[in-house]
Amino acid sequence: MKWHLAAILSATLVAPAAVLAQAPQRPAAPPAQPVPAAAPAGGPAVHVAVIDVGYIFKNHARFKAAMDKMKEQVMAAENTLKAERDRINGMMEQIKGFNPGTPEFKKLEADIAKAQGDFNVTAQLQKKEFMDQEAKVYMQVYAEVEKAVEQFAREHRIAIVHRHEGDPVDASDRNQILRGITKPIVYIDPGIDITPDIAKILNTPAVATQPAAGQPRTR
């Protein structure tokens with residue numbers, strides 16, 4: 001019986017994290033035109049801006065630290081399961097030395113079945129635990145992004161912030177080409193890209209003291 005531990009546990013971090021890691025990181029270019037300076041309250045917001053959320057996650061220091069810590073935990077759990085898998089494999093080799101139907105064979109057979117069942121349950125529970133933990137990290141960081149964007153938009157009278165992808169399209173990758181030609185925004189003036197501003201805000205030490213995700217925000 002084959003035990004794909006890496007597939008069971010390490011895949012936990014692949015789904016959303018891999019999407020962020022596929023495209024090369026781009027340098028945060030300075031805006032060609034400055035974002036409107038903070039204006040006093042009064043009058044409707046009139047400006048439009050865009051943000052590359054994928055870039056924010058890839059360059060969010062505490063998010064990267066949290067994901068690195070999770071990877072270490074996954075590897076530790078994987079090593080523990082590997083040791084148990086090796087023990088079960090040893091039992092399966094041992095049973096070959098007994099004749100089927102003998103008391104020794106039946107007892108070892110029952111022990112193997114129980115060990116395999118326990119192994120599967122433990123692996124599935126750990127997988128769920130890591131998936132839940134990862135989801136909480138993403139949720140907390142995205143809540144920080146929303147709060148930073150809201151604050152920045154209010155200060156600069158920005159009425160709406162669109163999501164966009166700033167990484168160049170790989171012309172040799174069919175999927176990236178299709179993704180590129182179906183993007184909802186065809187052209188963006190670099191001056192309305194607030195990605196570097198939000199990344200700078202989120203990586204300041206003060207943000208680390210903000211309430212965790214799920215806590216109410218004052219407006």
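The values are calculated or read from the model by the stated rules, or taken from the named source; none is laboratory data. Everything numeric here is computed off the predicted structure, so don't read it as measured data. When we count neighbours, we look across all protein chains shown, and the Cβ atoms used for this are built from the backbone with ideal geometry, even at glycine.
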Just checking: which of the helices (runs of 4 or more DSSP H) contained wholly in the stretch 1-106 hold 3 or more residues that are modelled with pLDDT under 90 and out of contact with any strand residue (DSSP E or B) (no Cβ under 9 Å at 6 or more places or on another chain)? 5-9, 15-22
What's the number of the condition ASP118 fails, among (1) surrounded by fewer than 14 Cβ atoms within 10 Å (Cβ to Cβ); (2) out of contact with any Asp or Glu (no Cβ under 9 Å at 6 or more places or on another chain); (3) in a helix (DSSP H, G or I)? (2)
Quick check on this structure: which one of ALA110, ALA153, ALA123 is surrounded by fewer than 14 Cβ atoms within 10 Å (Cβ to Cβ), small (Gly, Ala, Ser), part of a helix (DSSP H, G or I) and more than 19 Å from the chain's Cα centre (by Cα)? ALA110
